[in-house]
Amino acid sequence: MRLVSYLLDGEPRYGAAVEGGVIDLTRRIGRDFSDVRALIAANALADAQEAAAGQKPDYALDKLVLLPPVLAPEKLWCIGVNYAERNAEYKDNSDLPKYPSLFVRSMSSMTGSGQPLEKPKVSDQLDYEGELVIVIGQGGRHIPREQAWSHIFGMTLCNEGTIRDWLRHGKFNVTQGKNFDRSGSIGPWIVTSDELDPRGPHDITTRVNGEVRQQDTTERLMFPFDFIVSYLSTFATLKPGDMIVTGTPTGAGARFDPPRWLKVGDVVEVESSRIGVLRNTVAAEQ
């Protein structure tokens, strides 16, 4: 199933993306779930599937304002330096990492597929980072690695947009450069694990104005999804609807010589063949 969140007449709603459009599920399910996160927490995927069965689309997808699939996850984790050769891009002669690099983002830094990515007034260094996202279904703490797959509800995509010259404003953190309003995007929907096995392998491609900039596969992850779930749950209780952005391949704009920053009007597409395409156009901050 492909679960999508969107605005209709200014009201957040959710539904199932199918051929020909979106089946609205906001008030079709027997129990009242306000959003996708509530549906996940109630373990109500079967209810959603039953409600959508045999229904015709209520809305054309291209007529809707898409939102990130989970509107308010308790945690939005981001993993850094996770694909082969990514550590070498830093040119610091460091050993391969023993543990994942980790930071967090606020949902105000994210927008939905088809919505503008915002280039801030204070910087010209807006960069793209195409990534796969795992969405937690069953929560837990101290999750054994061999059980981690059963805690993944589904997958979506992220452009983990970054303001490069703001990454090192502090001595030890990257938080500022990772949290500019509407600098990144998540979507277009969650593909649930019964339809898309998170074990993969999964491909990931990033294009800017049609030019391939990043391309890789989860077979080359240094820290696979099951390890990440187990590792994070060692120190934090994972909750239903939490999203984990799992790392970007080589080829971000900062790694070119000279760097290739995003400009107003650029179109960024992040694609995985079994999930779909997350597409955004860069706009200037107003």
The stretch 1-91: GluC sites (Glu not before Pro) in DSSP loop, at most 16 other beta carbons within 10 Å: Glu19, Glu74, Glu85
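With a cap of 11 neighbouring Cβ atoms within 10 Å, and only residues DSSP puts in a loop, list the chymotrypsin sites (Phe, Trp or Tyr not before Pro) found in the stretch 210-286.
Passing both the DSSP loop test and the Cβ count: Phe256.
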Residues of the stretch 115-143 with amide N under 17 Å of the 7 Å Cα→Cβ point at Tyr99: 142-143
Debye-sum result for the stretch 133-286 in log10 I(q)/I(0), which assumes one identical scatterer on each alpha carbon, at q = 0.09, 0.12, 0.14 Å⁻¹: -0.32, -0.57, -0.77
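As an exercise, take the mean of 1/r over every pair of distinct alpha carbons in the stretch 178-236, invert it, and state the Kirkwood radius in angstroms.
14.3
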Stretchable slack from Lys263 to Leu7, in nm (0.36 nm times residue separation minus alpha-carbon distance): 89.4 nm
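Which of the trypsin sites (Lys or Arg not before Pro) found in the stretch 1-76 are loop residues per DSSP with 13 or fewer other Cβ atoms within 10 Å of their Cβ?
Numbers: sites: Arg2, Arg13, Arg27, Arg28, Arg31, Arg37, Lys63, Lys75; in loops: Arg27, Arg28, Arg31, Lys75.
In loop regions of the stretch 1-76 (DSSP not H, G, I, E or B), the sparsely surrounded trypsin sites (Lys or Arg not before Pro) are Arg27, Arg31.
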Using θ = phi - 60° and Karplus 6.51 cos²θ - 1.76 cosθ + 1.60, couplings along the stretch 239-248 (whole Hz; Gly, Pro as x): 10, x, x, 4, 10, 10, 8, 9, x, 10
Residue-span extension gain [Asp62 to Phe227] - 0.36 nm each, minus C-alpha spacing: 55.7 nm
Label-point gap, in nm, between Glu195 and Val277 - each point 7 angstrom along Cα→Cβ: 1.8
Where Cα atoms sit under 15 Å apart: lysine pairs in the chain separated by 8 or more or lying on different chains: 5
For Arg199, residues with placed amide H under 5 Å, excluding near neighbours: none
For Leu8, distant residues with modelled amide H under 5 Å away: Arg13
Gain upon complete extension [Ala41, Thr234; 0.36 nm per residue less C-alpha separation]: 67.4 nm
Proportion of all alpha-carbon pairs of the stretch 1-84 beyond 17 Å (%): 48
Amide proton proximity set for Ser113, modelled H, under 5 Å, gap of 5+: Ile186
Karplus 3J(HN,Hα) series, Hz, for the stretch 277-286 with 6.51 cos²θ - 1.76 cosθ + 1.60 (x for Gly, Pro): 10, 9, 10, 9, 10, 7, 10, 7, 4, 8
Sites Asp203 and Lys121 - FRET efficiency at Förster radius 51 Å, r taken between beta-carbons, to 0.05: 0.90
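Ratio of alpha-carbon Rg to the 2.2 N^0.38 Å globular estimate for the stretch 1-143, to two decimals, please. Before the final figure, lay out the partial values.
Details: Rg = 18.7 Å, N = 143, 2.2 N^0.38 = 14.5 Å.
Cα Rg divided by the expected 2.2 N^0.38 Å: 1.29.
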FRET efficiency, Ser150 to Val212 (Cβ-Cβ, R0 25 Å, nearest 0.05): 0.15
Backbone HN-Hα couplings from phi across the stretch 262-271 [Karplus 6.51/-1.76/1.60, Hz, Gly and Pro as x]: 6, 10, 4, x, 5, 10, 10, 10, 10, 10
Label-to-label distance, nm, for residues given as Arg27 and Ser108 (7 Å Cα→Cβ offset): 3.2
Fraction in percent of alpha-carbon pairs per bin - 5 Å, the chain: 1, 6, 13, 17, 19, 17, 13, 8, 4, 1, 0, 0
The stretch 12-169 - percent relative contact order, Cα under 8 Å, separation 6 or more: 18
Angle between the chain longest axis and helix 225-235 axis [Cα atoms, degrees, rounded to 10]: 90
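No value in this document is a laboratory result; all are computed from the given coordinates. Predicted model only: the values in this text are computed from it and were never measured. Don't worry about glycine lacking a Cβ; one is built from the backbone with ideal geometry, like all the others, and counts go over all protein chains shown.
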